[in-house]
Structure formats: structure tokens, C-alpha cells
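For reference, the structure is listed below as C-alpha cells.
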Amino acid sequence: MHTEIIAVGTEILLGQIVNTNAAFIARRLAGMGIDVYHQTVVGDNQQRLTEVIEIAAKRNDLVILMGGLGSTPDDLTKQTVARFLGKNLVEDAAAMKKIINYYAASEKEMTANNRLQAQYIEGSTPLKNETGFAVGEYYQNENGCDFLLLPGPPSELQPMFTNFAQPLLHKQYNHENLLFSRVLRFFGIGESLLVTKISDLIDEQSNPTLAPYAKTSEVTLRLTASAVNEQTAKELLDKMEKKVCSRVGEYMYGYGDDNTLVATVVAKLMQENLSITAAESLTAGAFQAALGNVPGVSHIFPGGFVTYANNAKSSLLDIPADLIQRNGVVSETTAKWMAQKAKEKMKTDIGISFTGVAGPEALEGNEAGTVWIGLAFKEQPVQAELYHFARQRSLVRERSVLTGLDWIRRELLK
């Protein structure tokens, strides 16, 4: 079965809003075993919309249009689809009553164009809008592809699709096999190296399939299994995940589209009841800010230090000024002292430090991107590691924070 998603709206073409609806619908359809072969965006122009509908109808079994169901002059979706199908628009009595009651209660004048929101294509199944006024609809076409029309605002589209459209589609296009996905998240390995290590698994394109995706400073790997039920899919995904982790498991830190490295580390620290603090120079508090974004982190993070200048390192952390002068601020020794002193002063289980050159200029003969990270982990000897990151200032800081988090994650696994 071939499906196409069409987003209607000039504001999407211009980048004024992000097309989150397409991602939502595509994920839901995948879970139902309905394949999306094309995604299209078209502006609020009847001629171009007609052209897009004509092309989509020729190559698909189902076309889903999102947006353009409102009452303004540029809301043209249902009129254009109706004209393409050679059908009239009819009025949904319940939706019209809702609109009338709203304007009466709010003491606003209802204009004639507001009635358009209650109209749907003759022969369609109207879909109730629980959070707005524009009626959605599903048109089953005996002579061609079917059409599903949904409102544009996510607050209206998502509940309409979940509560009304999805059950209808499931009944209409009930597939023997469904699709189930699992996302593995990796840090510390680039996409090219990860792909190289599992290239044979990717090339097989068996069941499950693997799809890598490089994000800023990390890589995700989506495993997708086709199965008759969730339990069978889980067994297939577990088997493939085991193969992947046998090769690159040391870099894997978690699961899911929305998981983050900092959330994973904080959860583990809370689970083991280990407290943490930080002393930051080049990152200027970015590590502590990342911790602070995780709910409940105050249970294990009492606070820390931002010691950007050398005198701050001396006054706040009691690091001898001559020690910094002898070894340099960008040095293994300074990184170790920062981590240990922060840990001692805050009486925590873990202390981590960041010192280096964010750029763009060099410092003490060190090029931009040179970073020392120190770690005082429980009762272990203090350690420090040297890194060389890309020279762009914001990326140096971001990469430093994530590398520090990953170091802690690896220590927690020992």
C-alpha cells in the first residue's frame, strides 16, 4: 500500500513553522503497517494544490492532506479535493451547532465563512474535531485513491487522528504485519565508524532493518521490525540489538527519540545515590546548566563552581596561583586540582572539571579546541584526559559537556 502525506500551508514552505504534523502522522502510520512513500509540502495556492493532488492520486492508495480546512480565504484544501473528485460540500449539523453556540456564548458576530469549517466532501465520513471547529474527513474512493483530510493545528490534528482517523484506517487497511521500532543512541563514535562496524547488518536489509542517523555530537540507530504482534517484534529487535551491541555496545547510552545523555547519567546517579559537582572554566557553567535541566537533579547536585578567570580558581577552589602559573591553566594538573577541590568543597561523591581553549584564539600555545577534563570519582585517584575538538567555539563547549557526561556514564558501568 502506498501513502502520501501532503502538508498545505505557505508558512511551512517559508520556514515560519516546522512541519511536526508529518512526523507525527508518519510514526503512527508506520506503527499500523501503512507505508509512507512520499511527503509533499505545497502553499496555499489552488492551482499548485490541484497539481500536487493529481500527482499524488496517481501514485498512491491513500493521500493524507493536513491544513487548509479553516475559514480564511487561503483555506482551500477541502474545496480543491472536492473539485478533483467532482463532489459537492455538505454541512455537518453537529459541527455547525458547535460553531453557532460558540459565537453566541462569546457574543461575537459569526460571519458566513465560518460555516465552511463545518462542511465536508459529499460521501465522506466526517471526523469530529474535539479541540477546534474544522471538520476532518475520510473519503473512500471506489475509483481511485482514498483521501484523509485533517486540520493543520497540531492541537486539533493529533487528537482527531488518534481518536477517530486511526481506528478508521486500522479497520480499512488492516495489515497482517505491523511495524515496530526501537531507537538506540550512541555517543563517542561517529556515524561513519558505526556504519563500518555494522555494515553487513545494514546491507542485509533483513527483518529488522537498521537506519543510522547522525545528530549533533551523537548517532542514533533505528531498528524496525515487521511482525504480526508486539511480542514477536520485541524478540526480533532484541536479537538485532544484541548483534549491534556486540560490536559497538560500549558507545550506546540509551534508547528512544527523546532521551538525552544528561538525563541518562542523572538517572543513574540518582539510582546509585551518588552526588556530583563541577568546576568549569571554558564551559562557563554549561555542564551545570545541563544538569539543572533534568527534573529532580537537586537530589544529587548541590551546586558547583564557574571559575573562568585564574584568580577565581584560586579564590573559589583554593588552587595555588603558582601551581597554575607553572603548569598553565590548560593542563592536566590544573584539571585534576579543579575536580578534586570542587569535590572536597561540596562534599560530593564525584567532581568533574573543564579547562581548555574554546577559541577562536589560541591560549598558552594551545590551539582552539584543546580541552582537559578532570574527574575525581568517588575514592579513585583523580584522573584527567586531553581532547582535541572542532575549533568552533559553541561546538567545543557542547562537545566538552557531552564528553564529560559520557566519561561519568562509563565509570558508572564499571
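The values are calculated or read from the model by the stated rules, or taken from the named source; none is laboratory data. Values in this document were obtained by computation on a predicted structure and should not be read as measured data. Neighbour counts are summed over all protein chains in view; Cβ atoms, including those assigned to glycine, are modelled from backbone coordinates with ideal geometry. Ligands, DNA and RNA are excluded from the accessible area calculation, which covers all protein heavy atoms including side chains. Shrake-Rupley method; radii C 1.70, N 1.55, O 1.52, S 1.80 Å.
Each Cα pair under 8 Å and six or more residues apart adds its sequence gap; the mean of these over the residue count of the stretch 262-414 is a relative contact order of 23 percent. Think of it as helices only: each DSSP H run of n ≥ 4 in the chain is worth -39500 (n - 2.57), and spread over all residues that comes to -12000 deg cm²/dmol at 222 nm. Summarising the label geometry, the points placed 7 Å from Cα in the beta-carbon direction at Asn311 and Arg115 lie 7.7 nm from one another. Taking the centroid of alpha carbons for each part, the stretch 59-78 and the stretch 104-121 are 19 Å apart. May I ask you to derive the FRET efficiency for Asn327 and Asp257 from their Cβ-Cβ distance with R0 = 51 Å, giving the value to the nearest 0.05? Rounded to the nearest 0.05, the efficiency is 0.70.
Potential lengthening of the chain between Asp318 and Ser394 amounts to 24.5 nm, from the contour at 0.36 nm per residue minus the alpha-carbon distance.
Inverting the pair-averaged 1/r between distinct Cα atoms of the stretch 306-414 gives 14.0 Å as its Kirkwood hydrodynamic radius.
Does the stretch 132-290 classify as rounded, prolate or oblate by the C-alpha gyration tensor (a ≥ b ≥ c root eigenvalues; a/c under 1.5 gives rounded; else a/b over b/c gives prolate, otherwise oblate)? Oblate is the answer for the stretch 132-290, as a/c is 1.5 or above yet b/c matches or exceeds a/b. Identify all lysines with a Cα-Cα distance to Lys239 below 23 Å; exclude those on the same chain that are fewer than 8 residues away in sequence. Reachable lysines: Lys197. Label positions at Glu364 and Ser106, each projected 7 Å from the Cα along the C-beta direction, are separated by 6.3 nm.
Among residues other than Leu127 whose Cβ falls under 14 Å from its Cβ, what is the net charge (Lys/Arg +1, Asp/Glu -1)? Net local charge, Leu127 excluded: -1.
Accessible surface area normalised per residue over the stretch 209-326 is 49 Å², counting heavy atoms of protein chains with a 1.4 Å rolling probe.
When you restrict to C-alpha pairs under 8 Å that are six or more residues apart and normalise by the size of the stretch 1-43, the relative contact order lands at 66 percent.
Distant-in-sequence amide contacts of Gly68, defined by a placed amide H-H separation under 5 Å and a gap of 5 or more residues or a different chain, comprise Gly152. Between Asp74 and Arg28, what's the calculated FRET efficiency when r is the beta-carbon distance and R0 is 22 Å? Round to 0.05. The value I calculate is 0.20. How many angstrom separate the Cα center of the stretch 175-226 from the Cα center of the stretch 340-378? After rounding, the separation between the Cα centres reads 34 Å. Under conditions of 4 °C and 1.567 mPa s, the stretch 1-65 yields 107 µm² s⁻¹ as its translational diffusion coefficient, taking Rh as the Kirkwood radius over Cα pairs in the Stokes-Einstein equation.
Between Asp238 and Gln166, the contour length at 0.36 nm per residue exceeds the Cα-Cα span by 23.1 nm.
Can you spot the lysines whose alpha carbon is less than 25 Å from Lys347's alpha carbon? Ignore those fewer than 8 places along the same chain. The qualifying lysines are Lys268, Lys313, Lys336, Lys378, Lys414. Computed extension length for Gln39-Lys87: 14.8 nm, one decimal, from 0.36 nm per residue of separation with the Cα-Cα distance subtracted. Based on the alpha-carbon gyration tensor of the stretch 357-408 and its eigenvalue square roots a ≥ b ≥ c, which shape applies: rounded if a/c is under 1.5, prolate if not and a/b is larger than b/c, or oblate? Since a/c reaches 1.5 but b/c is at least a/b, the shape of the stretch 357-408 is classed as oblate. Put simply, the convex hull of the Cα atoms in the chain casts, on average, a shadow of 26.4 nm². Overall, the chain carries a charge dipole of about 820 debye about its Cα centre when +1 sits on the Cβ of Lys and Arg and -1 on the Cβ of Asp and Glu, all other atoms neutral.
Helix 93-106 sits at what angle to the longest principal axis of the chain, using alpha carbons and giving 0 to 90 degrees rounded to 10? The answer is roughly 60 degrees. With all protein chains in place and a 1.4 Å probe, the accessible surface of the chain carries 50 percent carbon and sulfur. In this entry, the stretch 1-156 is assigned a mean projected area of 9.2 nm², taken as a quarter of its C-alpha convex hull surface.
Using the Cβ-Cβ distance between Asn141 and Ala94 with R0 set to 22 Å, the FRET efficiency works out to roughly 0.35.
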